[in-house]
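These notes concern the structure reproduced below.
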Amino acid sequence: MRIGIVCYPTIGGSGVLATELGHQLAQRGHEIHFITYAIPFRLRLEERNIYFHEVILNQYDLFPNPDYALTLAVKIAEIAVSNRLDLIHAHYAIPHATSAYLAKKISKDKFKVITTLHGTDITLVGSDSSFKSIVKFSIENSDGITCVSKDLKKKTKAFFNLKNPIEVIYNFFIPKPELTDQKPFRKDFAPYGEKLLIHASNFRPVKRPMDVLRIFCKLREKIKCRLILVGGGNGINEIRQKVEEKRWCNEVIFLGENREIDPFIASSDLLLLPSEQESFGLVALEAMAYGVPVIGSCAGGITEVVENGANGFLEPVGSIEKMANDALLLLKNKKLYQEFSENAKKRAENCFSAPKIVTQYETYYQKVLDLP
Ligand code: GMT
């Protein structure tokens, strides 16, 4: 198949997933064309069957902002026709599904459009009244729709009163083999045997970054531990301030928007994910794949990834005390920790492996394209 992938090129779960999906499909012999405004940060352009087409943003005086949706639509139409693409896979509804729909119409229905909903495109941005009707329209007019969890499917159907069928295809993650039994940063970050907690996100309010700090605050009273924070965004400033105020600068390690997070996750003991909302929680899967149990909230799709009491503990949003106690329980009991760690690895391998999930996408593409 010849497939166009439209995604956000920035650090973030939807772009990461879209990029790796493209690579996996390319390795299976499909021709993959990425269409976006910058090279997706994990794209390996040197690999076979991978192409990148840049969308150049127009800035006209009359426009308050450079228009992306329209220039993207024109570029999708142009690339789809010139490369005879069979389908465009739009990751994230806004504006990608809309641009893909327009492109399809510009090119007189020469290709199909599949939209994958990732979460905030529905639960945060899509539910904003200024976008709602266009998101609904773009989803309804896609030839295929997928969601990254059952929870997101349920929310999408209910919120937009959608009748279209939606396929649930979970996210996948491929751990780096050299890190599966290695904890490369332990010596640097935990020289005295401290326990290492990690949180990686964009520090938006939906991630409840303050809860991460509160859990850490409770834990540091009971055990020697350090907290690794990966990510940027405005929300991180409040956390920095608090850390300085509390004089925890030696205990909290800020790594910024680090593109290569695997070694840090693999070096940690627990991942903290107390989000208010999470359609899937790709970072939880990344941690589990390296045998790192998750302490988090039972929000949204996290419960479909982490099995409470088997490879992590999930508590109601905001239950700091409970989350801290769960973390303590695991960190103080070597046998239990080992059991959870092994369970986490097994679950990541058995339920969210690339071969399994990529085949589901491939099969779905064939169904939408009506291929035998
Ligand atoms: O978590 C974010 O805010 C980033 C966002 C994105 O679009 O990259 O993540 C969403 O998509 C990920 C990949 O499918 C999911 O793992 C995240 O759970 C989802 N985020 C939310 O639902 C808040």
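The values are calculated or read from the model by the stated rules, or taken from the named source; none is laboratory data. Small disclaimer: the values here were computed from a predicted structure and weren't measured. Virtual Cβ from ideal backbone geometry, glycine too; neighbours counted across all protein chains shown. Side chains are part of the model used for accessible areas, which takes the heavy atoms of the whole protein and leaves out ligands, DNA and RNA. Shrake-Rupley method; radii C 1.70, N 1.55, O 1.52, S 1.80 Å.
Worth a mention:
- Surface composition of region 177-351: carbon plus sulfur atoms hold 46% of the accessible area, using a 1.4 angstrom probe and ignoring ligands, DNA and RNA.
- R0 of 22 Å, Cβ-Cβ distance Phe137-Ile39: FRET efficiency to nearest 0.05: 0.15
- Excluding same-chain neighbours fewer than eight residues apart, the lysines reachable from Lys75 by a Cα-Cα span under 27 Å are Lys104, Lys105, Lys108, Lys110, Lys112, Lys132, Lys136, Lys367.
- C-alpha center-to-center spacing [region 329-350, region 91-116] in angstrom: 42 Å
- Region 110-164, accessible surface, carbon-and-sulfur percent (1.4 angstrom probe): 55 percent
- Reachable lysines, given that their alpha-carbon falls under 17 Å from the alpha-carbon of Lys176 and they are not under 8 places away in the same chain: Lys345, Lys346
- Label positions at Asp128 and Glu342, each projected 7 Å from the Cα along the C-beta direction, are separated by 4.8 nm.
- Computed over the alpha-carbon atoms, the chain gives an Rg to Rh ratio of 0.99, Rh here being the Kirkwood radius from the mean inverse distance.
- Protection proxy ranking, highest mean first, for peptides 217-223, 65-71, 143-149: 143-149, 217-223, 65-71, where packing is the per-residue count of other beta-carbon atoms within 10 Å, averaged.
- Accessible area expressed per residue, region 1-128, with surrounding protein chains retained (probe 1.4 Å, Å²): 42 Å²
- Where GluC sites (Glu not before Pro) fall in DSSP loop in region 27-76, at most 13 other Cβ within 10 Å: Glu46, Glu47
- Rg to Rh quotient for region 269-372, alpha carbon positions, Kirkwood Rh: 1.09
- Inverse of mean 1/r across different Cα pairs in region 177-351, Kirkwood, Å: 15.7 Å
- Per residue, the accessible area of region 177-351 comes to 44 Å², computed with a 1.4 Å probe over protein heavy atoms only.
- Over the chain, dividing the summed -39,500 (n - 2.57) contributions of all DSSP H runs of at least 4 residues by the number of residues returns a 222 nm mean residue ellipticity of -12500 deg cm²/dmol.
- Here the spin labels are modelled as points 7 Å beyond Cα on the Cα-Cβ line, and at Gln241 and Asp109 they lie 5.6 nm apart.
- The slack between Thr10 and Lys335, meaning 0.36 nm per residue of separation minus the straight C-alpha distance, is 113.1 nm.
- Protein-only accessible surface order, largest first, of Lys132, Lys104, Lys154 at 1.4 Å: Lys154, Lys132, Lys104
- Region 46-97 - percent relative contact order, Cα under 8 Å, separation 6 or more: 23 percent
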